Amino acid sequence: MSLISIRSLSRDDILSLIQAALHQKKNSPQPILKNKILASLFYENSTRTRESHERAAKRLGMDVIGFAGTEGTSVKKGEPLADTVRMYQAFGADIVVIRHNIEGAAQLAADVLSIPVINAGDGSNGHPTQALLDLLTIVEKRGSIDNLKIALVGDLKYGRTVHSLITALSLFNNVQLWLVAPDTLQMPSHLVAEFEKATNTQVTKTPHLAEVLTKVDVLYMTRIQRERFPEGPEGEYEYRKVSGIYCLTTDMLKNNSAGIMHPLPRYKGMLEISMDVDALPNAWYIEQAKNGIFMREAILLGLLSGKPFAQTYSQPTEPLWKDMPITNGQKRGEHMVYRLDNGTLIDHIHANKGKDVLKVLSLQEDTQFIYAHNLRSSRYGKKDVLGFTNRELTEQELNKVALVAPEATVNIIKDQRVKKKGKIILPPVIDNLVICPNPRCITSAQHQEHVPQKMLVESHDPLVLRCHYCEMPIQREEIMLKEK
Ligand code: NCD
């Protein structure tokens, strides 16, 4: 088991990790993981996350190998990520912790390795261990996460810590959330929608920090993620507009006991939290960073002790096909328009969608097909019908049909009779077919990691896919299929 996304954890998983981390904090560490090796692979800058993983490993008796920044490694020679991480497993690593600037990098490492992988931050996507140590700090200071009023402040667009945190918070009861950011740096709308749906509440979005100061129990400040803005003058301009937008000072916090958190580092040029706030009793951020050691001890123990803390993510297995009754075994009406004695007939395609189905199937030139469009349909008024002579469609072809024409029914015809009729049901995982639209995803060709597309079917009706790597949700209207 790996820890790649906070989505793989339940509320109980999170609470038991917090208890385990509190236990580690109270008791002196035991070398339970002696002789085990942590590969600590930090492709991006880090102080706290790397150091606390390594400290945690050493306190549990482990050895640590790896790199802090790619300078001096063969990554600089252009080595693919999959090769680098495989080397560390070959050199004896029992577990990998990886930080990378590309979204989905940790998932790729987990896919190519047979040892556990911990995601220590993948681009703007997620930072699950940070969310866990944040929640540990809240429980330690306030006793519970339920019923709290929390403001997430700053760069909610590019900040990966807040992406994991909002997802984790959606598992708790009665959490009221304020999202404080300029419009250009607001939380991605799908994460807001997921939180609102899961909690049946509404978040409040505002650019004004002053408005929320007296309303909340926890103020979670973040740094503007300069390094994630687009390169060039446009990015520079965008950054300048928001740089220094929030700066929390003691004056603003008079008689305010809200816990002040920050994943750190704060930026010394603009200071999201002014230095004088550090002395306040409700400045939690140094303790929060320290808690990183104990949470990472709990995670290493959970992943390596054979008592994993999460049930492995498993999709319900569904049939790929739903049989429908064959009423009279003949497609009589259609015989007046065309004739298909043997082959596959795709019926009840919405009018004018037949051409899309043909396009996604991109059948060889010599495939004989029938395309009847705008036929009368008792179901939709008008429909398209496609027939393929002497041909059954492969599973991948049927998946393509289901993605563009989910309403269609498929008939297998033998000797002029319908032998099998049904609806196609998409499998839980769709490999190498739907393109992830996120350019920051590791499957995007520009990153040259040669990772095939992989989509998880999250919901059938309405259809929602989720990229296995960068976790971006994709609705039916946004689906782009690979050409070949
Ligand atoms: C954060 C990160 O790297 O995402 N830092 C951390 O892990 N504590 C936040 C940041 O860099 O601003």
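Read-outs throughout are calculated quantities, based only on the coordinates presented, and are distinct from any laboratory measurement. Note that the coordinates shown come from a computational prediction; the quantities given were computed from them, not determined experimentally. Positions of Cβ are backbone-derived with ideal geometry, glycine not excepted, and every protein chain shown enters the neighbour counts.
Kindly point out, ordered by number, any Cys in the chain whose beta-carbon has no other cysteine beta-carbon under 4.7 Å away.
By the Cβ distance rule, which asks for a partner under 4.7 Å, the isolated cysteines are Cys247.
Positive end of the dipole of segment 102-147, charges at C-beta (+1 Lys, Arg; -1 Asp, Glu), about the Cα centre: which of Leu108, Thr137, Gly121 has its Cα farthest in that direction?
Thr137
Considering the options Trp321, Pro188, Pro230, tell which one lies farthest towards the positive end of the dipole of the chain, charges being +1 on Lys and Arg and -1 on Asp and Glu at the Cβ, about the Cα centre.
Going by the charge dipole, the pick is Trp321.
Can you tell me the 0 to 90 degree angle between the C-alpha axis of helix 285-304 and the longest principal axis of the chain, rounded to 10?
Once rounded, one gets 50 degrees.
Could you pull the Cα extents of segment 335-433 along its three principal axes, largest to smallest, in whole Å?
Principal axes ranked by extent give 39, 29, 26 Å for the Cα atoms.
With both bridge residues required to lie in the chain, what share of the DSSP beta bridges run antiparallel, to the nearest 5%? Before the final figure, lay out the partial values.
Working: 38 of 72 bridges.
Of those bridges, close to 55 percent are antiparallel.
Treating the beta-carbon of each Lys and Arg as +1 and of each Asp and Glu as -1, no other charges, what is the dipole magnitude of the chain about its Cα centre, to the nearest 20 debye?
Values: 59 positive and 55 negative charges, 160 e Å.
Magnitude of the dipole: close to 760 debye.
Which of the GluC sites (Glu not before Pro) found in segment 390-450 are in a DSSP loop and have at most 16 neighbouring Cβ atoms, other than their own, within 10 Å? Walk me through the numbers before you get to the answer.
Numbers: sites: Glu392, Glu395, Glu397, Glu407, Glu449; in loops: Glu392, Glu407, Glu449.
Here the GluC sites (Glu not before Pro) that fit, given the DSSP loop and packing criteria, are Glu392, Glu407.
Output wanted: per-residue J couplings in Hz (rounded whole) for segment 133-141, from phi through Karplus 6.51 cos²θ - 1.76 cosθ + 1.60, θ = phi - 60°, x for Gly and Pro.
6, 4, 5, 4, 5, 5, 5, 4, 8
For segment 1-66, with the dipole built from +1 on Lys and Arg beta-carbon atoms and -1 on Asp and Glu ones, taken about the Cα centre, which of Ala57, Pro31, Ser5 lies farthest toward the positive end?
Projecting each Cα onto the dipole axis, the largest value belongs to Pro31.
For segment 31-177, divide the Cα radius of gyration by the Kirkwood radius and give the resulting Rg/Rh value with two decimals. Let's see the in-between values first.
Numbers: Rg = 16.7 Å, Rh = 16.5 Å.
Rg divided by Rh gives 1.01.
222 nm [θ] for the chain, helices only, -39500 (n - 2.57) per DSSP H run of 4+, per residue, to 500? All intermediate terms of the calculation are to be shown ahead of the outcome.
Numbers: 13 runs with 138 residues, N = 484.
The helix contribution divided over the chain gives -8500 deg cm²/dmol.
Give me the compactness ratio for segment 376-484, meaning the Cα radius of gyration over 2.2 N^0.38 Å.
Working: Rg = 16.4 Å, N = 109, 2.2 N^0.38 = 13.1 Å.
Normalised Cα radius of gyration, segment 376-484: 1.25.
Cα gyration tensor of segment 175-326, axes a ≥ b ≥ c as square roots of the eigenvalues: rounded (a/c below 1.5), prolate (a/b > b/c) or oblate?
Values: a/c = 1.95, a/b = 1.50, b/c = 1.30.
Prolate shape, in that a/c is at least 1.5 and a/b is the bigger ratio.
Measure off 7 Å from each Cα along the Cα-to-Cβ vector at Asp251 and Lys215, then give the distance between these two points in nanometres to one decimal.
The answer from the label model is 2.3 nm.
May I ask for the net charge around Ser28, where only other residues with Cβ less than 12 Å from the Cβ of Ser28 are counted and Lys, Arg are +1 while Asp, Glu are -1? Don't skip to the end; give the middle numbers.
Working: positive: Lys25, Lys26, Arg59; negative: Glu297.
That sum, taken over residues with Cβ under 12 Å, equals +2.
Would you list the P(r) distribution for the chain, with all Cα-Cα distances sorted into 10 Å bins from 0 and each bin expressed as a whole %?
Computed distribution, short to long bins: 4, 18, 24, 21, 15, 10, 6, 2, 0.
Taking Rh as the Kirkwood radius, which is the inverse of the mean 1/r over Cα pairs, what is the Rg/Rh value for segment 233-276?
Numbers: Rg = 12.9 Å, Rh = 12.1 Å.
Ratio of gyration radius to Kirkwood radius: 1.07.
How many lysine pairs are close in segment 134-241, with Cα atoms under 15 Å apart and the two 8 or more places apart or on different chains? List each step's numbers first, then the result.
Details: Lys141/Lys149; Lys149/Lys205; Lys149/Lys215; Lys157/Lys205; Lys157/Lys241; Lys205/Lys215.
Going through segment 134-241 pair by pair, I get 6.
For segment 40-121, I need the span (max minus min coordinate) of the C-alpha atoms along each principal axis, in Å, sorted largest to smallest.
Computed over segment 40-121, the largest-to-smallest principal extents equal 34, 26, 23 Å.
Using C-alpha positions alone, give me the convex hull volume of segment 113-201 per residue in cubic angstrom.
Details: hull volume 9.8 nm³, N = 89.
In segment 113-201, the Cα hull volume divided by residue count equals 110 Å³.
Obtain the nm distance between the two label points defined at Ile286 and Arg11 by a simple spin-label model: each point lies 7 Å from its Cα along the Cα-to-C-beta direction.
Modelled inter-label distance: 3.5 nm.
Nearest 0.05, what FRET efficiency do Phe369 and Glu458 give at R0 = 30 Å with Cβ-Cβ as r? Present the calculation step by step, with values, prior to reporting the outcome.
Numbers: r = 33 Å, r/R0 = 1.09.
Efficiency at R0 = 30 Å is approximately 0.40.
Convert each backbone phi in segment 389-399 into a coupling constant with the Karplus relation 6.51 cos²θ - 1.76 cosθ + 1.60 (shift: θ = phi - 60°), then list the ³J(HN,Hα) values in order as whole Hz, x for Gly and Pro.
Here the 3J(HN,Hα) series is 6, 6, 8, 9, 7, 6, 4, 5, 5, 5, 4 Hz.
First measure r as the distance between the Cβ atoms of Glu238 and Ala198, then evaluate 1/(1 + (r/R0)^6) with R0 = 45 Å and state the FRET efficiency to the nearest 0.05. Walk me through the intermediate numbers first.
Numbers: r = 31 Å, r/R0 = 0.69.
That pair, Glu238 with Ala198, gives E of 0.90.
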